[in-house]
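Down below is the structure, laid out as structure tokens.
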Amino acid sequence: MQIITDPKEFQSVCWSWRGQGLTSALVPTMGFLHAGHISLFTWARANAEKVAASIFVNPTQFGPNEDLDRYPRDPEGDAAKAREAGVDVLFLPEPGAMYPEGFATTVSVAGLTEGLCGASRPGHFDGVATVVAKLLLLAMPTTAVFGQKDWQQLAVIRRMVRDLDIPVAIEGRPIFRESDGLAMSSRNVYLSPQDRALAPHVQKGLQAARAWKAQGVTSARELTQRLTAYYKDAIPTARPDYVACVHPETLAPLEDASGPALMAVALFFPGARLIDNLLLD
Ligand code: PAF
């Protein structure tokens, strides 16, 4: 596995793959790799001739009071995991290389970014869209692979790629979970042992919402109220940021959840803000 820190060198290697007519997959990450990331690498390895991965804790997607400085990092461990998973090229740029002096461009996707995480993390999705646009233009992969845990992020990236005619297929992969159902996330390490023990209720609540719908509850308001009450009872230490029932593609809030519906939640635990989602069908 080749490790590259210079964006232009990364671009030259990845573009040479295109020139040779090889298919390639890019897996953008912020590192501190867990089994969920590895499942993305594995999918990429099985579906493309060349695999590139990036590890970049992107400063522009963190708000001023967020965890940029303490975001967990393990570049050496990550490189070993990426190598083992069959990654061909690992891109590890420094912030100054991605955002050199005078950098002045922001990619902003309107509408889709306003609700859910966008409401409590202003500017977050501009940071995500900008860095992903850069990574796609550097690697020009056939396919770029993302996890579905960040469902809104995936919707934003799909829209950006469509609107800007970026010639890449976007592959969204299922959420990878711990054996007790907690969605894997690099931020789970912030949870205290007590909160880690309660955190599986995030997903248990979503499963309950799916069961309520199967039993005939199709009012989105009723579903979100029931789920909010579930969380209050099961995880008293967590404060919901949002509990929302939305259309899976437009992310518009639903009134009637009898058709396609996504339940998406974010909860502030004392040590970490966790997100999760579940299609109710
Ligand atoms: O999901 C992430 O890890 C990040 O938001 C991404 C897509 C790598 C952009 O920094």
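Any read-out appearing in this document is the output of simple, stated calculations on the displayed coordinates, not a laboratory observation. Please read these numbers as outputs of a predicted model, since none were measured by experiment. Reconstructed Cβ throughout: ideal geometry from the backbone, glycine too, with neighbour counts over all protein chains shown.
Here are the numbers for the structure shown:
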read-out	value
From the C-alpha gyration tensor of segment 164-277, square roots of 5λ in Å	24, 21, 12
Radius 13 Å from Cβ of E114, net charge of other residues (Lys, Arg +1; Asp, Glu -1)	+1
Qualifying lysines (Cα of each under 24 Å from Cα of K232; at least 8 residues distant if same chain)	K149, K204, K213
Computed [θ] at 222 nm, helices only, for the chain once each DSSP H run of length n ≥ 4 contributes -39500 (n - 2.57)	-11500 deg cm²/dmol
Packing-based exposure ordering (other Cβ within 10 Å, fewest first) of D163, D74	D163, D74
Length-normalised contact order of segment 1-156 in % [C-alpha pairs under 8 Å, at least 6 apart]	35 percent
Values of log10 I(q)/I(0), in the order q = 0.08, 0.09, 0.11, 0.14 Å⁻¹, for the chain under a Debye, Cα-only, solvent-free model	-0.34, -0.43, -0.65, -1.04
Low-density loop cleavage sites - GluC sites (Glu not before Pro) in segment 193-281, where at most 11 other Cβ are within 10 Å (DSSP)	E255
log₁₀ of I(q)/I(0) at q = 0.08, 0.09, 0.13, 0.21 Å⁻¹ - segment 28-181, Debye sum with one point per alpha carbon	-0.22, -0.28, -0.61, -1.69
Efficiency of FRET from Cβ geometry, A229 and K8, R₀ 41 Å, rounded to 0.05	0.15
Sites N65 and L279 - FRET efficiency at Förster radius 22 Å, r taken between beta-carbons, to 0.05	0.10
With eigenvalues of the C-alpha gyration tensor scaled by 5 and rooted, segment 129-205, Å	32, 12, 10
Lysines whose Cα lies under 18 Å from that of K134, excluding same-chain neighbours fewer than 8 positions away	K8
Gyration tensor (Cα) of segment 12-72, equivalent ellipsoid semi-axes in angstrom	28, 15, 7
Near-label residues of segment 246-272 by backbone N, under 17 Å of a point 7 Å along Cα→Cβ of S120	246, 263-272
Of the trypsin sites (Lys or Arg not before Pro) in segment 32-128, those whose Cβ has at most 10 other Cβ within 10 Å and which sit in DSSP loop	R70
Rel. contact order, % - alpha carbon contacts under 8 angstrom, at least six apart, segment 48-134	43 percent
